[in-house]
Each structure stands twice: as C-alpha cells, then as structure tokens.
C-alpha cells in the first residue's frame, strides 16, 4: 500500500468518479460532481502550495487541519523541516516552525491582513478570513482569473507568492516574505519590541527595563524586559498606547467580537491579570476586543494601523520597595552573587571540600569571600539575591504550616513576596552534603534558562549558615502526587494528560537543543514535574543536571545518579549518559501517565515484567488500550492514546541509538503520520527475545536522589 485516504464516507447509490477541476482541486464525488458535495478533495490536504480558493486553517467540525509543509529538497517531495499553520489557541494566528521550533509568527487577522505582513496593495488577489464556530481559515481569490498565482513554502522555509509567466514557461517570484532579524520569533523576549531600522534592534516597551542588563547589553535579548514599577490593580494603573506595531502573540488571549474599545478597556481594567488590550478588527474605526494575559511576546514596529494599549503603573502607583536598606547592603548582595559564580568556576574538588567544611562551621560567606579575593574573576549572575530576614518574613519564620515538601537536601516552604507573588523556598539542611552540589548546579544552570515548561529559579540566598534557592510556586504540586493517587488522579482527564506529555517533551527539547546551554537533566521523573494552576507541566530539580558543550554528545561517569525505574541500561551499567538518557526517562513517564501506574513496583499476575515490558506485550498483541487507566475511559481520545503509547515505547528501546531525539518526539506527538515500530524495551524479561541479559536485574545505583516536590 503506497497511499490511501482516511475518508469514511459511504456511497450507496450512483457512480463514484475522480475529477480534476479547473481550480486545480482533485476531487472524488458522485456522478458529475455538480453539487460540490465531495467525498474527498485534494484541497483538504495541501503540501507546499496554496492555490486560489484553497482554505488555510482548521475545520472545527471534522478536525481537518489544512497547513503547508515544505519539501525535503527541490527534487524530493518528502516532508521537509518547515510547517506553516494556523494556530487556534487564543485568537487565531499563523506560525512558521522548523521542526518543533517556532521560526516566525505572522500574527492574527486584523480585518485587512495578518498583522505580521506589511501593507502592500496589489491588483492580482484579495485575502479573506473566516472565523466562526465551525471553521477558522484564510483564503485568497484572484482578481484576474487569467493570472495563475500560488503561495509556496520552499524547502529553506521561505514563504513566497509565485506567478506563472508564459514567455519563460516558469514560476517567477511576485512577493517574498521579508526575512530579517525582527522576523525571528520572540527575538526581544517578553515586553521587548523590535525595530529593524534601529541599532540595537531590540528595546523595552514604555515602563519596562531589561530583565538581565548584562545579557541585554551584550546583544542577547531573549530574557526580555520587566516592569520598572509594580502594578497596583485598580484605577491607579494606566494604559500606554502603542501604535504601528505587529500585535503580540495571541495564544493566551481572550477575545470578544462585539465589544467596542471602551468596553474592552473596562474589561481589561477589571482583570488584574490583563496586561494589554486592543481592537480585533482595525477596519472602519476598529471593533471587537482582544485582551492579553501574559508577557507581550514578539512585538515589532511595522507599517500597520494596529494600536494596543499596554497596562503600566502610573505615577500614582507606588514604586517597588527597595529590597535593601542601604547602598552598602546592595553592594554586598551583588558581591555575594558574584562570589557564588566564582565558586562555580573554581568548582574543583579542593574548593568544594573547603566550602563543605566552612559550611559546617557556619562560615560560608567567609569561605566564598576568601576564594573570591584569592584571584577568581567576578561575573554577574543576574540572579536576585535575597537576605535571610526577607525570606524569613515571606515564610512566616519558616513556619511548619508553610512547609510543602522535604527531601535529602532539606525542606521546602511556601512564601509570599511583598508584591503578592507566591514562591517556594528550598532551604538546605545543616546535615546535607548533596545540597551544596545541587545549589551550585542549579544556580549555574537553570537561572539562565527561559521556557514555559521549566520551573523558574527566582533567586538565591547564601548568608550566615543558610543556603536557599527560591522558585516560582506550583499550586498543584508534583505530578506523582496527583498521578498515583486514586482520588487525585481524577483531576487528570486525558486532555490534561496529553497536554502534560506534550509540555514535558517541549521542555526537554529546549534543554537538549534550543537553549544556549545544552542540558541533560539526568533525573527526569514524575516527582520532578510540577504543575501550575492550569496543569501546565514544569520540569524542576536540576541538581543532577549536566551541561554539554556544542560538540559533545555523550559522557561517562563512575558516579551514577538518578532514580530507579527511570534510568536507561547504558547509564546504569556502564555510566554512559547522553540526551538519549533523558529520552528514556521521558518514555517511562509517558507510559506512567497513560496507565496511572508506577514503573518501579509494577506487578502483574500474568508475568514478571515491569511496566515497560507489560506495555510492550500489550502493544505486540494490539491491545495497547488495555494499558489505559480506568479513570480515562470516558475522556480518552483513542488515536492520541495509541500514539502516546507507541512514542513511549520508542523512547524506552534498549539501545540508545534506536531511541528518537526529542525533536522527533515532539513531531510524532503533534502529527498523525505513521510511526516507526519500536524494538523491545530495556529491562524486558519476556521469552520472546533476549534483550541485554546483563540489564535484566534492577541495577545498583550509587546515588539515589530524593527530590523536592513543592505542593
């Protein structure tokens, strides 16, 4: 079988014919096709080309998604790296991605065009946009039917309009989407704005300042900007009008088709989480309402009539209270942060031995100071420094009532900052030695990473006898507490679970490929996945993480660390770890999320396999749905469940080279193509195949982590 349609239409009467229409649409229909009631049509399945009359977007009733996929090369029609699609999360907008990485955003429809396209009138075609409860799509139609024109996505990811030229008998570019620095998605980070005619290209919006000044001044703007003054929800907040821009990312927006601008302002002002508002449609004076609720991302100056109103603190709003009482303490705080980094750079065995000794004697600050003045070079961590007294106040003197977690490193407390933000304070115990290494590793790794599926490190404390890390607080706790509890697991329907699987995959892809630092987590497990208010997953606990240089792909260690049930055989037995180690752990997580059962400790009356072996047996017998947790039977989407199980099994294959990369995993989870057939998993003890006999027994791990799970 080379190809087949997934159409399930039944035709009982009449002749079925295939016909190529003058529009270029290949259709299958009854009789003469005169009623436009097609059984199947090629316009529903575009590849790299859009013709006049083709819809670009989603049918919300049938689920058909019409998007462009580039060819692998000009002479190879296999699917390439680039996808151009209509995203319907929030207010719809068009995106271009390379693999799973967003390359460009063409913005939402403004009533005239997509916000990210320049205003260029033309005599050849017109665009229209349809958005209702049944479908969301854009479509172009030719003004002059004698002209042949098409939209084309090249193998290099360039979107262009090509017109047919008779004299040369070929397609000639009519319009090429401008690719410049500001076209890169999110170049300037949250609350930054890009202007291709300025130097530097990125600046902060009015009322904002760079979040990380040193990185910003060096030309790395991805950290974006932060408010100069905190908001004071109510009438004291003001709105600053920004004109002539491409609208910010609308994936987390709210919209109303009938509201006017004044009603839109009132709606934003009443909601303390609203960061900006504006009209949806700029025609005839503007109408409709768009509200944004997160950091305004991917804004650029454009020749556009779009206006948005950004919430800022007015002069009446109280300025942010200084964290320190004097300039002297500020200098000390900055110095302390610098000292921590010096310690990291000089993190040889002798330094750590000295630090541990000083830590036990309650003289950490002195030890850091001695090493700093001994010739280390100061570098700015750009990580906020909290004093012990501040954290004590935020956690009610580290009250037992604020305790939310505990592990080998110490205790985690919930705290509340002066601006109302909730935090989790990870306090190193007096007797912990593991925590010192974890502290250094997290300060050097995670604070530089910015991704919606990674927990945020907000600051640190190294004062007197205390070492603490401060994180954003996750109200729904860790995944294991919800997933493996019979009562709480009912909170996780299939939609939530599949969302969590995809979020973890995107977070790992960022660590392995898209971040400036290449990170292997080495302790990915359900206990280290935290859940925010909306059940968005956040990968946490980077105490055992390992940074790789660009040319490195694997490493060896005699000190194997991690958690039973999540460690791949090549690491457990030989100490070899790579990005494929995290892929294995992710596969275990996927199967646990689908089944609601732990890999470690799993038992069956029929065999002695662990959860991986059990899932493998069911897959081979075509019974993967039997793996699904009973609590999901009323909510699961069968195709997504089967795809998730197969992807999970691909990730836990015995040999690292057989496992997919996380970029492939993200694509496999998000597309409906045919998946590769997995080989038997690691630690599978069934009789069908002899798989790495030396790994059949549970390995002995020299360091077993007990990780923080903030609740």
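Between residue 226 and residue 168, the FRET efficiency estimated from the beta carbon spacing at R0 = 60 angstrom works out to 0.65. Taking 37 °C and 0.692 mPa s as conditions, segment 46-177 diffuses translationally at an estimated 212 µm²/s according to Stokes-Einstein applied to its Kirkwood radius (Cα pairs).
Please sort 126-132, 103-109, 88-94 by packing, taking for each peptide the average over its residues of neighbouring beta carbons within 10 angstrom, highest first. List each step's numbers first, then the result.
Working: 126-132: 13.4, 103-109: 23.9, 88-94: 19.6.
With the highest mean Cβ count within 10 Å placed first, the list reads 103-109, 88-94, 126-132.
How large is log10 of I(q)/I(0) for segment 588-649 at q = 0.16, 0.22 Å⁻¹ when the intensity is taken from the Debye formula with one equal scatterer per alpha-carbon? Log10 I(q)/I(0), no solvent term: -0.44, -0.85. The calculated FRET efficiency for residue 134 paired with residue 513, based on their beta-carbon distance and R0 = 56 Å, is about 0.90.
Pulled fully out, how much extra length does the chain show between residue 484 and residue 122, if you take 0.36 nm times their separation in residues and subtract their Cα-Cα distance?
Values: separation 362, 0.36 × 362 = 130.32 nm, distance 5.94 nm.
Full extension of this stretch gives 124.4 nm more.
Judged by the mean number of other Cβ atoms found within 10 Å, the most tightly packed of the peptides 593-602, 632-641 leads the ranking 593-602, 632-641. Spin-label pair residue 262-residue 392: with each label point 7 Å from Cα along the Cα-Cβ axis, the two points sit 5.5 nm from one another.
Multiplying the residue separation of residue 218 and residue 4 by 0.36 nm and subtracting their alpha-carbon distance yields 71.7 nm.
Rounded to 0.05, the FRET efficiency of the residue 452 and residue 639 pair, given R0 = 30 Å and the Cβ-Cβ distance, is 0.70. Taking the average, over residues, of other Cβ atoms within 10 Å as the packing measure, peptides 505-512, 581-588 rank 581-588, 505-512 from highest down. Computed log10 I(q)/I(0) for segment 446-523 at 0.16, 0.19, 0.20 Å⁻¹: -0.78, -0.98, -1.03, from the Debye equation with unit scatterers placed on every C-alpha and solvent omitted. Computed extension length for residue 677-residue 272: 140.9 nm, one decimal, from 0.36 nm per residue of separation with the Cα-Cα distance subtracted.
Size of segment 114-158 from its Cα atoms: along the principal axes, largest to smallest, the extents are 33, 30, 20 Å.
The numbers here are math on the coordinates, done by the rules we state, and not lab data. Predicted, not measured: the structure shown is a model, and the values here were computed from it. Heads up, the Cβs are rebuilt from the backbone with ideal geometry, glycines too, and the neighbour counts pull from every protein chain shown.
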